[in-house]
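To start, the structure under review is shown below, and the notes come after it.
None of the figures in this text is laboratory data; all of them are computed from the coordinates on show. What you see is a predicted model, and the numbers here were worked out from it, not measured in a lab. A quick note on method: Cβ atoms are made from the backbone with ideal geometry, for glycine too, and the neighbour counts reach across all protein chains shown.
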């Protein structure tokens, strides 16, 4: 059975199936912050969704990071490195992409074991 969380008319923030949590892309709420602050906000949203699924950041199977400007790579990594659990860094890809809102600097998608 598929479980969906925070279901809206267009998408769910989280789906859990067969012991795996699939998160929608997480973005910052406060778009006035720089890349480090925006990244921290997205990571906090990931923590909250993983908790709803009964998981946490130590169980992330894969992370995909989308940056509006690849020049923000170092700042995003600073926030990421402070957040990621030692010994549990997941496989990760980071790319530059046009994000849905021009104020967003980062969007992060993760898949995790429950």
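Descriptive notes on the structure:
- Condition check for residue 51: buried (at least 19 other Cβ atoms within 10 Å of the Cβ) and either over 13 Å from residue 80 (Cβ atoms) or free of Cβ contacts under 8 Å to residues at least 60 places away in the same chain (or both): no
- Residue within region 56-70 that is touching a residue at least 40 places away in the same chain (Cβ under 8 Å), over 14 Å from the mean Cα position of the chain (by Cα), surrounded by fewer than 16 Cβ atoms within 10 Å (Cβ to Cβ) and farther than 21 Å from residue 30 by Cβ present: no
- Criterion applied to 20, 16, 84, 27 was being surrounded by fewer than 19 Cβ atoms within 10 Å (Cβ to Cβ) and touching a residue at least 60 places away in the same chain (Cβ under 8 Å), and the one residue passing it is 20.
- Test for residue 102: is it within 22 Å of residue 21 (Cβ to Cβ), touching a residue at least 24 places away in the same chain (Cβ under 8 Å) and surrounded by fewer than 14 Cβ atoms within 10 Å (Cβ to Cβ): no
- Hey, residue 9 free of Cβ contacts under 8 Å to residues at least 60 places away in the same chain, more than 15 Å from residue 107 (Cβ to Cβ), exposed (fewer than 11 other Cβ atoms within 10 Å of the Cβ) and in contact with a strand residue (DSSP E or B) (Cβ under 6 Å, 6 or more places away or on another chain) or not: no
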